[in-house]
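Okay, so here's the structure we're looking at.
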Amino acid sequence: MSINKHLVVGFVIILLLAASRLIPHPPNFTPILGMAIFSGAIINHRFIAYLIPLTAMLLSDLYLGFHAGMPIVYFSLAVCVLIGTFIESRVSIINSLLSISLGVLVFFLITNFTVWYGSGMYEYSISGLMTCYFMGLPFVQNTFISSILYGMGAFLIYDIINKRMIFGNNA
């Protein structure tokens with residue numbers, strides 16, 4: 001059985017991103033969404049593409065603690081992996097940036113909809129939903145910046161390592 005070096009490189013990058021959740025950071029400044037997009041785009045084995053980031057998230061949550069919103073966060077994370085799969089054969093700087101940005105937007109819409117629907121903090125109307133989304137805007141800034149930094153960093157590191165591995169094999 002041969003080991004797919006590209007899969008191993010992607011797996012290690014995802015684990016490092018997940019582990020970085022444990023490093024002190026500003027609120028909502030985590031690698032999770034960038035990690036999910038990266039996983040979907042790089043790992044061509046669908047089950048593994050979902051399993052690795054969700055397992056990495058679960059392992060870090062074992063340390064950080066569980067909360068009631070975890071099922072929605074994990075679902076949103078799985079949607080981000082799905083978004084990454086759309087660029088799998090067409091990974092580029094633009095596609096990566098667009099996918100990560102879409103992932104942040106989808107995560108924001110899903111999780112804030114859940115807050116509106118389940119928290120009782122907002123009235124159950126379009127106005128209440130819009131208020132909930134408006135109140136969530138300050139949190140999405142750090143999510144967007146961190147997702148771009150971590151996600152694009154993951155794509156760049158993956159590309160550099162794989163080019164060196166290929167170059168190293170031909171030398």
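Numbers below:
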quantity: Cβ-Cβ under 6 Å pairs, at least 6 apart or on other chains, the stretch 25-47 side without any contact (Cβ under 8 Å) to a residue 24 or more places away in the chain, far side assigned to a helix (DSSP H, G or I); calculated: none
quantity: Test: residue in the stretch 132-153 that is of a type in the set (A, V, I, L, M, F, W, C), at pLDDT 95 or above, more than 20 Å from the chain's Cα centre (by Cα) and loosely packed, with under 15 Cβ neighbours inside 10 Å; calculated: yes
quantity: Selection from the stretch 62-73 of residues that are surrounded by fewer than 16 Cβ atoms within 10 Å (Cβ to Cβ) and not in a loop (DSSP other than H, G, I, E, B); calculated: Leu62, Tyr63, Leu64, Met70, Pro71
quantity: Looking only at the stretch 31-61, and only at residues there that are among the β-branched types (Val, Ile, Thr) and more than 11 Å from Arg21 (Cβ to Cβ), the one that is surrounded by the most Cβ atoms within 10 Å (Cβ to Cβ); calculated: Ile37
quantity: Residue among Ser96, Ser60 that alone is within 21 Å of Asn162 (Cβ to Cβ) and not acidic (Asp, Glu); calculated: Ser96
quantity: The lone exception for Ala41 - which of (1) assigned to a helix (DSSP H, G or I); (2) out of contact with any Gly (no Cβ under 8 Å at 6 or more places or on another chain) it fails; calculated: (2)
quantity: Filter pass, Ser89 being in a helix (DSSP H, G or I) and crowded, with 17+ Cβ neighbours inside 10 Å; calculated: no
quantity: Among the candidates Ser127, Ser99, residue that is surrounded by fewer than 14 Cβ atoms within 10 Å (Cβ to Cβ) and either under 20 Å from Leu17 (Cβ atoms) or small (Gly, Ala, Ser) (or both); calculated: Ser127
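The values are calculated or read from the model by the stated rules, or taken from the named source; none is laboratory data. Predicted, not measured: the structure shown is a model, and the values here were computed from it. Cβ: placed from backbone, ideal geometry, glycine included. Neighbour counts: every protein chain shown.
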